[in-house]
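The next block holds one structure in the form of structure tokens; read it before the comments.
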Amino acid sequence: MLIKEKTFIVKNLLCFGAAVKYNSITKAAELNGMKQSNFSKCMKEFEDYCGVSLFNRVYNGVQANGAGQSMYELSCDIDRIVHKVMTFKMNPHEITGDIRLWTSDGLGAGYVSSCLPDFYLKYPDVHISISCSLEVPMLASDVDMAIVYEKPEKNDIFSATEYCLKFGLFASKSYLERYGYPKSLEDIQQNHKICTRDNYVQVWEKYRIFLEKAKRIAASTNSSSMLLRLTKDGIGIGLHPIGTAKKEKDLVALEKIGPEFKHKFWIVTRRDLKKQPAVQALVKYIKDAAQRL
């Protein structure tokens, strides 16, 4: 097969993958700097070349059919190879490259960022693109690593390792100056203000019972970063990842009264990237940080 024909296949396979990803030929064309008419022509020529229809045309977009789903997997393979080439460096003694990392707001704002300062001191040439969203992504062409609270299903493509994150109660120095250091958990429930994240009651039954008896819930939020901000501003006492909150100069750990909560999390990587030096280095830093907490 001539390079010209291989180039045709690779180009149109990547275009096809973009159309499936966005469920829209128009959007895929726009985001890739192409005219919609030219993009549509590419898709028609690619279907003719393959000898099979790859799309179902639906209202306001397209969806891959059965053959299209198989072709999309090949598109993801090509995209991964292109990504490796783009991040390739000639010097084997230096760890460089790009890592696309997904995490939830809680793990992102409450934990992952605290691992990065030391990481960047040792690996300044690694670039990490961090995405946060409500839906856990499929580790295909857009994500190299993911850090999740839910145990991933077993998969031949992905590798997942389990770790544990510890949480504790914290208050700001300004809050303690105004209201005093709590004497006990019962004192917090009866006489102190509390800030909380909405889903914590679903994570820990013990914490749910604690909150049910609390008289003054000052604020609640669905964001870990907002919860940290509320606690630092002296709005109330909050539950935070211990390793992260202890780095905040204005926060005091209420260790005298406890309690300590634990939550499992998993670092997920694609098996084909598991041995990539930059990915290995970042996984190690996150793992070591978790073990120190």
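Readers should treat all values here as calculations from the given coordinates under stated rules, not as data from a laboratory. All figures in this text were calculated on a predicted structure; none of them were measured in a lab.
Here are a few things to note about the model shown:
- Rg to Rh, two decimals, where the range 221-272 supplies the alpha carbon set and Rh follows Kirkwood: 1.09
- Report summary: the helix-based calculation at 222 nm, which adds -39500 (n - 2.57) for every DSSP H run with n ≥ 4 and divides by the residues of the chain, gives -13000 deg cm²/dmol.
- Helix 66-86 vs. the chain, principal-axis angle (Cα, 0 to 90°, nearest 10): 70
- Viscosity 1.306 mPa s, 10 °C: Kirkwood-radius Stokes-Einstein D of the range 91-293 over Cα pairs, µm²/s: 88
- With the convex hull constructed from alpha-carbon coordinates only, the range 3-86 shows a mean projected area of 5.5 nm² over all directions.
- Taking the range 91-293 and dividing mean pair separation by its residue count, relative contact order in percent (alpha carbons under 8 Å, at least six apart): 33
- Sequence-ordered 3J(HN,Hα) estimates for the range 116-127 from the Karplus curve with 6.51, -1.76 and 1.60 and θ = phi - 60° stand at 7, x, 5, 4, 6, 5, 8, 10, x, 9, 8, 10 Hz, glycine and proline given as x.
- Two-decimal ratio, the range 176-244, of alpha-carbon radius of gyration to 2.2 N^0.38 Å: 1.05
- Contour minus Cα-Cα distance for Ala219 and Asp77 (0.36 nm per residue): 46.5 nm
- Nearest-ten-degree value, helix 277-292 long axis tilted from longest Cα axis of the chain: 20
- The range 3-86, relative contact order [Cα under 8 Å, separation at least 6], %: 32
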